[in-house]
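Enquirer: Starting off with a structure, shown below.
Nothing in this text is a laboratory measurement; each read-out follows from the coordinates by a stated rule. The model shown is predicted, which means the values in this text are computed figures rather than measured ones. Cβ atoms come from the backbone with ideal geometry, glycine included; neighbour counts cover every protein chain shown.
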Amino acid sequence: MKPTIAVHFQYGSATHTGWFRTINEDRSLLRVGQTVKGVPYAAAALADGMGGSEDGAQASELAIRRLKEWLDAKVPALLSAGDSLARLEREAEAWFFTVHRELVATGRGSGGRLGTTLTLLLLTDAVYFIAHVGDCRIYRLTPAGRCKRLTRDHTWVSAQVRRGRMSVRRARSHPKRNVLLHSLGMGERPNVYIRSGYYAPGTLFLLSSDGFHDRFLPRSIAALLRTANGKGSDLQEMCDLLLTKALQRRSDDNISVVLLKPVTGRKNAKERLRLHCGLWLRRIYRSGRKLLSSLSSG
């Protein structure tokens with residue numbers, strides 16, 4: 001298959017029910033378009049339904065359907081606003097909560113519960129934006145070959161690791177490793193993880209469900225992505241390869257991977273410095289807001 005190129009991005013996706021499931025509860029989205037100012041952007045998302053049944057598939061399907069509607073109605077204008085990151089953060093958090101409430105109401109109406117994770121990545125004009133709830137992940141591989149995970153798992157074991165109460169090795173095999181603390185449709189208002197930064201052309205982004213990344217150590221994922229980012233790599237073929245690798249490791253869950261790679265849009269040094277300073281100030285603002293919120297609630 002020839003590399004898929006749309007506007008200024010290459011991409012690919014693949015999914016499988018896994019060896020021991022009969023229903024695939026994962027749903028993904030890939031979208032390329034333009035802002036109202038004509039700047040190219042790309043969106044990728046992954047939702048992993050909860051419950052191991054058709055209810056999980058219904059939840060992830062609803063979340064992705066609502067995301068498509070939001071992207072069409074809001075995002076092109078949001079990405080063109082002068083304070084685009086600040087507005088995008090507010091709108092994304094509000095939208096996540098709206099979908100959460102709809103899932104809660106839909107579940108109650110059918111006498112059950114509908115829950116899903118949801119991880120969203122937006123790329124435009126050298127800036128990435130992430131909004132995330134659950135345990136799907138986003139990895140970034142720079143053109144220099146440095147690999148980093150950009151999301152935080154909203155799982156019980158991940159919280160224990162961050163607090164120093166459990167080792168990463170123990171967390172990988174712990175009986176509660178799949179217990180989620182935050183999701184859409186379950187519990188109270190979810191804690192939406194927001195992150196933004198800048199990227200260079202040739203940066204490779206991977207979105208994966210836990211059926212994929214739970215099969216590999218971090219260094220193995222980095223090695224696979226370095227192969228994917230080789231010159232002339234076909235991202236669809238690489239997605240198929242990543243899927244095969246996970247199946248070879250007897251993944252017991254649904255497996256989904258999405259690759260997204262910007263190929264144009266480099267900023268010059270002065271523009272990148274300005275962008276970096278703006279993002280740094282946004283992070284300080286978000287940290288301060290969360291601190292004030294925790295102090296007021298305490």
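Enquirer: Run the simple label-point estimate for residue 178 and residue 83 please: 7 Å along Cα→C-beta, distance reported in nm.
Expert: 4.3 nm
Enquirer: Once you put a point 7 Å from the Cα of residue 162 and another 7 Å from the Cα of residue 149, both along the Cβ direction, what distance in nm separates them?
Expert: For residue 162 paired with residue 149, the spin-label model returns 1.2 nm.
Enquirer: May I pose another question? Rank these for me by crowding, 89, 102, going from fewest to most other beta carbons within 10 Å.
Expert: Fewest-to-most Cβ neighbours within 10 Å comes out as 102, 89.
Enquirer: Then there is this: Collect residues whose amide H, placed 1.01 Å from N in the peptide plane, falls under 5 Å from the amide H of residue 127; neighbours closer than 5 in sequence don't count.
Expert: Amide H neighbours of residue 127, under 5 Å, 5+ apart: 199.
Enquirer: Additional query: At 7 Å along Cα-to-Cβ for each site, give me the label-to-label distance between residue 39 and residue 220 in nm.
Expert: Going from the residue 39 label point to the residue 220 one covers 3.9 nm.
Enquirer: If R0 is 22 Å, what FRET efficiency do you get for residue 20 and residue 244 from their C-beta distance, rounded to 0.05?
Expert: Once rounded, the FRET efficiency stands at 0.85.
Enquirer: Please enumerate, by chain and number, the aspartates and glutamates with C-alpha under 19 Å from the C-alpha of residue 245, excluding those fewer than 8 residues away in the same chain.
Expert: List returned: 26, 210, 214, 234, 237, 253.
Enquirer: Given 0.36 nm per residue, what is the gain on full extension from residue 263 to residue 93 after removing their alpha carbon distance, in nm?
Expert: Separation in residues times 0.36 nm, less the Cα-Cα distance, equals 58.3 nm.
Enquirer: Over 25 Å between C-alpha atoms is what I'm after, so list which of 74/261; 37/74; 176/261; 37/68 land there.
Expert: 176/261
Enquirer: Whole angstrom only: what separates the Cα centroid of the stretch 143-189 from the Cα centroid of the stretch 217-246?
Expert: What the calculation gives is 23 Å, centre to centre.
Enquirer: If you don't mind, there's one more thing I want to ask. Just the ratio, please: alpha-carbon radius of gyration of the stretch 80-198 over 2.2 N^0.38 Å, N its number of residues. The partial results should precede the final answer.
Expert: On the way: Rg = 16.3 Å, N = 119, 2.2 N^0.38 = 13.5 Å.
Rg over 2.2 N^0.38 Å, computed on Cα atoms: 1.21.
Enquirer: Now, a different point. May I ask you to evaluate 6.51 cos²θ - 1.76 cosθ + 1.60, the Karplus curve with θ = phi - 60°, for each residue of the stretch 131-144 and list the ³J(HN,Hα) values in order in whole Hz, giving x for glycine and proline?
Expert: Karplus values, whole Hz, x for Gly and Pro: 10, 8, 9, x, 10, 5, 9, 10, 10, 10, 10, 6, x, 7.
Enquirer: Could you tell me the calculated FRET efficiency between residue 74 and residue 170, based on Cβ-Cβ distance and R0 = 51 angstrom, to the nearest 0.05?
Expert: 0.75
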